[in-house]
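What follows is calculated from the coordinates using simple rules that are stated; it is not laboratory data. Predicted, not measured: the structure shown is a model, and the values here were computed from it.
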Amino acid sequence: MHMLVAADYFDNIIMLHSCESCEQEAQKWLNKEQEAIDHSHLTTCVCGLKGECTTCEDHEEKTTTANKQVVRWNITKENPLDDVVLPQADYVLSFAYLDLVSKDHEMYLKLLKQISSLVKIGGHLIMLGALNETYYMLGQHKFSTLAYDEQFVRKALAKNGFIIERFGKEKSRYNSGLCDYE
């Protein structure tokens, strides 16, 4: 869903995926292959929230046009991009990525440093995550996430040379059992 919003602000988007199946699905969607997962319900949701899309099809077209490349980000390697060379970006968006793939705080810091290398000097890193979340549910399957607090994130960002311009928090309003964040 975040790509559908990002396309309103950026016209040169490169998607990084750490899993081969996600990378392949993203490529199918961008290529408008018939067997691609249908994301029209997400486009409808985004257009409804914005209230300004001409048509959902136009917005999806705008999004696929803005997405120029899908690249594998392999966290098991010292250089996660292998031999792919990307220019440093004005903006890098990370949507709960570090929360989901980091096994511990040390791994979080290592991956944050790698992601930070993608941001040009004067650029912006936009991170979304869930403070002190320990799990989330997909169907009947329970997955662990890395729990961390605000102080940890602030220190990690400062250590990587970032100045925090805005740090927003949304209190958990639901007690559904699907996840547990503050």
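For residue 135, nonlocal amide neighbours, meaning residues 5 or more places apart or on other chains whose placed amide H falls under 5 Å from its own, are 145, 180.
Shape index of the chain: Rg/Rh, with Rg the Cα radius of gyration and Rh the Kirkwood radius from the inverse mean 1/r over Cα pairs, equals 0.95. For the set 68/103; 32/62; 110/142; 28/113, the pairs lying more than 23 angstrom apart at their alpha carbons are 68/103; 110/142; 28/113.
What percent does the relative contact order of the range 35-182 come to when contacts are Cα pairs within less than 8 Å and at least six residues apart? Averaging sequence separation for qualifying contacts and normalising by length gives 18 percent for the range 35-182. Ignoring aspartates and glutamates fewer than eight residues from residue 169 along the same chain, the ones with Cα atoms less than 18 angstrom from its Cα are 99, 133, 149, 150, 180, 182. Using C-alpha pairs under 8 Å with a sequence gap of at least 6, the mean separation divided by the residue count of the range 31-116 gives a relative contact order of 14 percent.
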